Structure formats: C-alpha cells, structure tokens
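What follows is a short report on a single structure.
The values are calculated or read from the model by the stated rules, or taken from the named source; none is laboratory data. None of these values were measured; they are calculated from a predicted model. In this analysis, Cβ positions are derived from the backbone assuming ideal geometry, glycine residues included, and neighbour counts consider all displayed protein chains.
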Amino acid sequence: MKDVILLPTYNERENVNFIVPKIFNIVPDVHIIVVDDNSPDKTAQDVQELMHKFPNLSLLFRESKTGLGDAYKDGIRRVIFDPEVRNIITMDADGSHDPGYLTEILRYIEYSDFVVC
C-alpha cells in the first residue's frame, strides 16, 4: 500500500527544489505527484530532474492554468482507482504546509477516515 501526496504547482520552481527533498527525507516511502499548470518558470523541468533522484516522484503536467481545485481533481483522478493507494494527502508547494507533520498525519490516519492538520 502506498501513501500519495498531491503537490499542485504554478511558478514554484524554487520551492519544489526545497520541498520535495524535505518530504522524502521525512517520509522516504511516500509517493509524490506534482501537478504542474504549465509554469512559465520551468517548474516542470526541475521536477523532471528531481525524478532521477527520487523514483517515487512523478509529474502530472497540465497544458494550462485552470486553478488549484482543478489541479487537485486531476491529481485525485490519477490515483483514486489505484488499489495500491491507501491515503491521499494534499499539500501546498510553497511550504505553507509543514512536511514535519506528515509522520503525525500518517499515524492518525490509521485510526481515522480524514485528518486535517
């Protein structure tokens, strides 16, 4: 079973290079899907480079910016029917959601249907 983090991005190049390694340092077995809205700052290209270092990192590239809600919907559609997915976690790429809470979130979700942190 796998836990998946959806990480929507738009012009988050600097942040994604910080947040992705930080997440994998805290929760090495998690899977991260970066949902990028065709960022002009080349966020997607940096994610593709990071994918060489982190095999559980993937990119869902969207041709246009249609908003955060649509990014989450597209990310959820990608994983919702995968029988291996145990949990879906949503985070902001700008660091406003501290990855330090991930261990605690994953502990609490074992006894809950939904965790807000």
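Does V35 fit the bill of being surrounded by 20 or more Cβ atoms within 10 Å (Cβ to Cβ) and in a helix (DSSP H, G or I)? Steps first, please.
Details: surrounded by 20 or more Cβ atoms within 10 Å (Cβ to Cβ): yes; in a helix (DSSP H, G or I): no.
No.
Within the stretch 91-114, the only residue that satisfies the criterion of being under 20 Å from L68 (Cβ atoms) and modelled with pLDDT under 85 is F114.
The sole residue among R78, R107, R86 that is within 19 Å of T9 (Cα to Cα), of a type in the set (K, R) and out of contact with any Gly (no Cβ under 8 Å at 6 or more places or on another chain) is R78.
Within the stretch 1-32, restricting attention to residues that are out of contact with any Leu (no Cβ under 9 Å at 6 or more places or on another chain) and crowded, with 22+ Cβ neighbours inside 10 Å, which residue is nearest to R77 (Cα to Cα)?
From the stretch 1-32, those out of contact with any Leu (no Cβ under 9 Å at 6 or more places or on another chain) are 1-2, 4, 7, 9, 11-15, 18, 22, 25, 28-29; that's our starting set.
Restricting the remaining residues to those that are crowded, with 22+ Cβ neighbours inside 10 Å gives 4, 7, 9, 12.
On the way: V4: 12, L7: 14, T9: 17, E12: 22 Å.
Filtering first and then ranking leaves V4.
Note on the stretch 93-116: residues that are surrounded by 11 or more Cβ atoms within 10 Å (Cβ to Cβ) and outside any helix (DSSP H, G or I) amount to 6.
State yes or no: is A44 surrounded by 14 or more Cβ atoms within 10 Å (Cβ to Cβ), in contact with a Leu (Cβ under 8 Å, 6 or more places away or on another chain) and in a loop (DSSP other than H, G, I, E, B)? So that I can check it myself, show each step before the final result.
Working: surrounded by 14 or more Cβ atoms within 10 Å (Cβ to Cβ): yes; in contact with a Leu (Cβ under 8 Å, 6 or more places away or on another chain): yes; in a loop (DSSP other than H, G, I, E, B): no.
Here the answer is no, as A44 does not meet what is asked.
The residue of the stretch 47-73 that is surrounded by the fewest Cβ atoms within 10 Å (Cβ to Cβ), among those that are at negative phi and small (G, A, S), is S64. Of the residues K22, K2, the single one that is in contact with a helix residue (DSSP H, G or I) (Cβ under 8 Å, 6 or more places away or on another chain), of a type in the set (D, E, K, R) and modelled with pLDDT of 95 or more is K22. Go through the stretch 74-92 and give me each residue that's surrounded by 14 or more Cβ atoms within 10 Å (Cβ to Cβ) and free of Cβ contacts under 8 Å to residues at least 40 places away in the same chain. Result: D74, single match.
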